[in-house]
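Here's the structure we're looking at; comments come further down.
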Amino acid sequence: HPLYSHKVDAHYRYVPEQIMLSGIFSGQSNKGGQRMLPHAVLVFGDKLDGTDFSAEDQDTAKLFCDQIAGPLADTLILHRLNNFGKFLSGIEPGKQKHSEVISAICKEGPRLLELPRVTMYSFERRRDSLWTIDLGSNTKLRVPLGDPDAQAAIEADFPIAVKMPVAKNALAHWVVYAALKKDNELLGLLELHGVPGQDFHRSHLALLNLVLKQLAQLLLCSKLYRTSHKLIQSRTLELRFLQQAMVDMSDKEIGSFLIKEIGTVWPDTMTCQLLAFHESEGLYQDVLTDDVFQVGGQAKQALLSRKSHAVDLGESMRVITPIFNHRNQTLFLLIMTAQKFSDRNVLDLDQLAACISATMENVHKYRRRDSLVKVSHDLHSDLSSKVMTKKLFHHACTFTHGECARLFTIDLATEEIKLLSTKGEKLSLSKGEGIVGFCALTGQAINCPDVYKDPNFSAPIDLMPQTYHKTTCCVPLVNDGDTVGVLQVLKRNGVFAEDDVGLLTDLGHVAAVAVSNTILLEANKSDSSGALTMLIDPTGTVVKVNRDPTPVIGISRNKLLNQPLREALSLNPDVVNSCEKTMV
C-alpha cells in the first residue's frame, strides 16, 4: 500500500499481511454536513483464520469503536486535565507577578491540554473588563465584557461550549467559556479553543470542572499577592504607622502624626482633616484644632456605604473615608481634598482606613491593659476602706467620663447589700431592689440611659441624695465566682457608650479583688484576739497583717512584713501550707 509505514502500521516484531483501520469518534461522524475527525484510530492486523477482512468485519469494528468512543475520549481529556492540574500546583503566586501567572497558563495550557489555544483572563472590577497577556508582544490586552457567550458563562455556574459557524464540509470548530469564581465572586474567565473537527461533550465539560476550582484558587491567591505587593511598594504609610510607639501618644499626637504621614504619601493633597467621633455626644471633633462638627449628607453617605466617597467640586475633588473599629463603630472621618483622585487612590484610602482601624484597636487594647495593671497596683497600695474607695471612684469616673460613683458591698452570708460610702452615708437593700439590686441579682452589667424610664428604678437606692442624675451604669464585682459588690457610675446628661461599659466591666474585675481584701481586713481590723489575716502578693511576699502575729505563729510583725512567706515561716512548714490553702 502506498501509505503503509512499518513504524506506524506494523505491530512490534510483527509485520501483518493486511490491516483494517477504524476511527473512534466521540460524536457523530457527520453532524450537520460538517466533516469530523476521530479522537483515535484502532488498527486491526491479520485475522486468525487467515481470511481477508470483510464488510461485516468493518461494521463490527465500527460498532465496537462507537462503544468505546465515549470512555476513551473522557480518559484522554482526564489525562490532559490531570497534567494541567499538576502544572497549576507548581505555580507559586507569591514568587511570580500576577501577569506572569496569566502568561504561564496561556503559554503552557495548549501543550498540556493538547488544544490549539488556551487563554485565561483576569477580571478587573473597577473597569468592569477582562485582560490577558498577548504572548506575541508580551503586553497586556484588555477585552470589554461584550461577548454574549462569555457573558452567559459568567452568569452561569458551569462551562459553556459554543460551535463556531463554518462553511459546509469544513472542519467544525468549538470554543469553551468557563467563569472562574470564588464564593460567587468573579475572578476571571477561561477560554479554550478546540481541535477543528473534534467534538466537545457535556462529559468533557464536567471533567473541566475538576481544574476550574484549582484555577480560581490560584487566580485569587495571585490577585491577593498582587494587591499586597502594590501596597508594600507604593504605600509605605501602613508600615511606618504600625512601627510607631503610639501607645505613649495622645489622640491629638496620633492625629497629627497621621496627617503628616498622609501628606508624604499623597503630596498633591491640598487639605487633610481627621475628625474623631464622640459617640456619647454624636459629634465629630477635629483632632488638631478641637473644633466640633456635625457631619452633612456627603459624610453620611460615606458612613452608610462604609467606604470612601468621592465628591467632584469642579476644580478639585474631595474624598471622605470613614474609619470603623471591629465592632463597626465609627472612630474617625478622614477628609482629603486634592485636584484629582484616581480610582486607585480611593481604593488605597479604604485599605488605609482598615489599617488605621486595626492599629488603633491594638493601641486602645494595650492602653486599657496597661491602665488596668496600674489601677490594680494603685488600689492594692492602701486597702483601707476610705482610701481604696476614693481611688476606685476616681478611676471609674476617669474611664467612663462619669460625674460620680458609688460602691455597694454584698455580705455573702446574708446576701445583704450595703453602701460603702466615704461620707458616712448608710443604705441597706436586698438583691433585686432598684437597678443596683437587679445588677447584683443577675450578675450582668446594666447600662441605663434614662433611670426614670427603667422599671427597676428606685430613687432612694439608685440616686445620690439631693442630686439629679439621669444616666447610670452598674457593673457587678465578681471574685472567684461570687458577686462581692456592685460599682455604679452616674451622669446628669449624655449616655454611656459600649466602650465605657466594657472599660467599667474590666475595672470591676480588678476592683473585685481589692474590695474582697478590704472587706476581709476591715472585718478583722479591731479584733486583736481574732483570726490573723495576711495580705500576700502574687510573688508570695507578706504585704500587710491585721494584728500582731506573735501570739498566733510566734513571729513578730517586723520579721513577717515584706518577707516571702516560706522564708519567714521556714521553721513551721505546716503553717505555710495552711496559709497557702486559705489564701483569698
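The values are calculated or read from the model by the stated rules, or taken from the named source; none is laboratory data. None of the values given here were measured: they were computed from a predicted structure. Glycine gets a Cβ as well: all are built from the backbone with ideal geometry, and neighbour counts include every protein chain shown. These accessible areas exclude ligands, DNA and RNA; they are computed on the full protein's heavy atoms, side chains included. Shrake-Rupley method; radii C 1.70, N 1.55, O 1.52, S 1.80 Å.
Would you mind computing, in nm to one decimal, how far apart the modelled labels at residue 290 and residue 447 are, each placed 7 Å from Cα along Cα→Cβ?
Modelled inter-label distance: 2.7 nm.
Tell me the net charge near residue 67. Cut-off is 14 Å between Cβ atoms, residue 67 excluded, with +1 for each Lys or Arg and -1 for each Asp or Glu.
It works out to a net charge of -2.
Once both labels are modelled 7 Å past Cα along the beta-carbon direction, what's the residue 57-residue 482 spacing in nm?
10.3
Just the number please: accessible area per residue for segment 391-495, 1.4 Å probe, all protein chains included, in Å².
With all protein chains present, segment 391-495 gives 47 Å² per residue.
Out of the total accessible area of segment 83-136 (probe 1.4 Å, heavy atoms of protein only), what percent is carbon and sulfur?
Summing carbon and sulfur atoms, their accessible area is 45 percent of the total for segment 83-136.
So which lysines pass the test for residue 47, namely a Cα distance under 30 Å, with those fewer than 8 places away in the same chain ruled out?
Qualifying lysines at Cα under 30 Å: 7, 62.
Strictly over 23 Å apart at the Cα level, which of 307/340; 386/544; 300/470; 391/418; 374/418; 418/544 would you flag in this model?
300/470; 374/418; 418/544
Which of rounded, prolate, oblate describes segment 81-161, given a ≥ b ≥ c as roots of the alpha-carbon gyration tensor eigenvalues and a/c under 1.5 marking rounded, otherwise prolate only if a/b is larger than b/c?
Here segment 81-161 falls in the oblate category.
Using the Karplus curve 6.51 cos²θ - 1.76 cosθ + 1.60 with θ = phi - 60°, work out ³J(HN,Hα) for each residue of segment 542-549 in order, rounded to whole Hz, and write x for Gly and Pro.
6, 9, 8, 10, 8, 7, 5, x
Rounded to the nearest 0.05, what FRET efficiency is calculated for residue 79 and residue 498 with R0 set to 35 Å and r the Cβ-Cβ distance? Please list the in-between numbers first.
Values: r = 60 Å, r/R0 = 1.70.
The computed FRET efficiency comes out at 0.05.
Length gain on complete extension for the stretch residue 3 to residue 304, per 0.36 nm per residue less the alpha carbon to alpha carbon distance?
Values: separation 301, 0.36 × 301 = 108.36 nm, distance 7.63 nm.
My answer for the length gained is 100.7 nm.
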